[in-house]
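Every read-out reported here was derived from the displayed coordinates using simple, explicitly stated rules and does not represent laboratory data. This is a predicted model, so every value here is computed, not measured. Cβ placement follows ideal geometry from the backbone for every residue including glycine, while neighbour counts extend to all protein chains displayed.
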Amino acid sequence: RLRAVAATRPRPPPRSARAKMYANVERWPSDASSDDERVQSAPRIVLMGSRRSGKTSMERVVFGKMSPHETLFVASTATPTLRLVANSDLLHFAIFDIPGGCDLSELSHHGQALTPQAVFGRCVVLVYVVDAEADPYAECARLAEVVAVARRANPRISLEVFVHKVDGDHFLSEEQKLDCRREVEACVRAELAELTRDKGIEGGDASSRPDEAAARAAAEALRGAAFSLTSIYDHSVFEAFSKVVTRALVPQRRTLARMLDALVTACDMEKSFLFDVASKVYVATDSAPVDSASYELCADAIDVVLDVSSIYAPSKPAAKTADGDGAATPD
């Protein structure tokens, strides 16, 4: 396809391939009930955060192809929303968007009350969005409570924390962004330790050193957790969702990584990704560390190929020319 872009007469992908590529984009966000059976059986990502933290906006930007500037008009999530992302066999899961600012005991879905077991029991990954421009202590206190409840309902759940909106005037340098992420992580650990001491979450032993027991319980609750800096105005949110998908939602990731390693070695490449074209989320990569610059270059190349392909894609059956080549009929 890259060679086709450089050719004099680019050959667009078949109509059936393009229809499949954009099938999820065209119907997002659709009525979730239309895919009810597939939604209920798909692996689930629970998306949580405070009110106006930007979690729904990032969902629309990544999986709905919405422009970041259009998200200014997206209404806050009022009720829990379960939607399917099914771009391919490798990228197939449901996103459960939970309204911000609501108590977990007050949630309901399709007229039925939601218990913590109903929310987190079938969840593979909990993605919690922290607003970097808000009060970090209030955000971390809420996150600590959610993590404690989620771990009790499903001990195998994976935790991903997105420190979002790091594109404002408070984060002009990379060091400021990293400081914010470290502060959020330290604050969450402190809040979880405090919950352990006050409420006995995760138990711990009743030893003579309760502070150490609380710290161990907090570390256990955050075991395997990843903290990422995100913004909808750059590629960081796409890269963060890519890491979520590759870590927890692609069981074939090790096999795919070995195959990509072989491709890199055989073709003398610097880096390789296996992308879902519609969302620009990579579902696998080789064993070399991921460089953000390499990801951005590949994502921009996908945009160029799709844009050029859409220009030359025929909207009507191609007519035969004198030299026997097919030519697109202009509208």
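Odds and ends about this structure:
- Summed residue charge, Cβ within 13 Å of Y128's Cβ, Lys/Arg positive, Asp/Glu negative: -4
- Our coupling estimate for region 260-273, obtained by passing each phi through the Karplus curve with A = 6.51, B = -1.76, C = 1.60 and θ = phi - 60°, is 5, 4, 5, 5, 4, 5, 5, 9, 6, 8, 7, 7, 9, 10 Hz, Gly and Pro reported as x.
- Each listed q (0.14, 0.19, 0.22 Å⁻¹) maps to a log10 I(q)/I(0) for region 230-308 from the Debye sum over equal C-alpha point scatterers, namely -0.45, -0.82, -1.07.
- Once the gyration tensor of the Cα atoms in region 51-138 is diagonalised, the equivalent ellipsoid follows with semi-axes of 21, 20, 13 Å, ordered largest first.
- Over region 135-197, the alpha carbon radius of gyration divided by the compact-protein estimate 2.2 N^0.38 Å works out to 1.25.
- Database remark: amide H of S88 closer than 5 angstrom to no amide H (H placed geometrically; neighbours at sequence offset of 5 or more, or on other chains; Pro and chain starts carry no H).
- Proximity of backbone amide H atoms, modeled 1.01 Å from N, is registered between D276 and V281, Y282, V283 at under 5 Å, excluding neighbours fewer than 5 places apart on the same chain.
- Gained length - Y137 relative to E194, 0.36 nm times residue gap less alpha-carbon distance: 19.2 nm
- Region 39-84 shape via C-alpha gyration tensor axes, a/c threshold 1.5: oblate
- Overall form of region 71-202 per C-alpha gyration tensor (a/c, 1.5; a/b vs b/c): oblate
- Compactness relative to 2.2 N^0.38 Å, alpha carbon Rg of region 123-163: 1.18
- Additional length obtainable on full extension of the chain from Q117 to D234, 0.36 nm per residue less Cα span: 38.6 nm
- Ordering of 103-109, 135-141 by packing [mean C-beta count within 10 Å, highest first]: 135-141, 103-109
- Long pairs among K165/K243; K243/K271; K65/K271; K243/K280, criterion Cα-Cα beyond 20 Å: K65/K271
- Each label was represented as a point 7 Å from its Cα along the Cα-to-Cβ direction; for R38 and Y312 these points are 3.1 nm apart.
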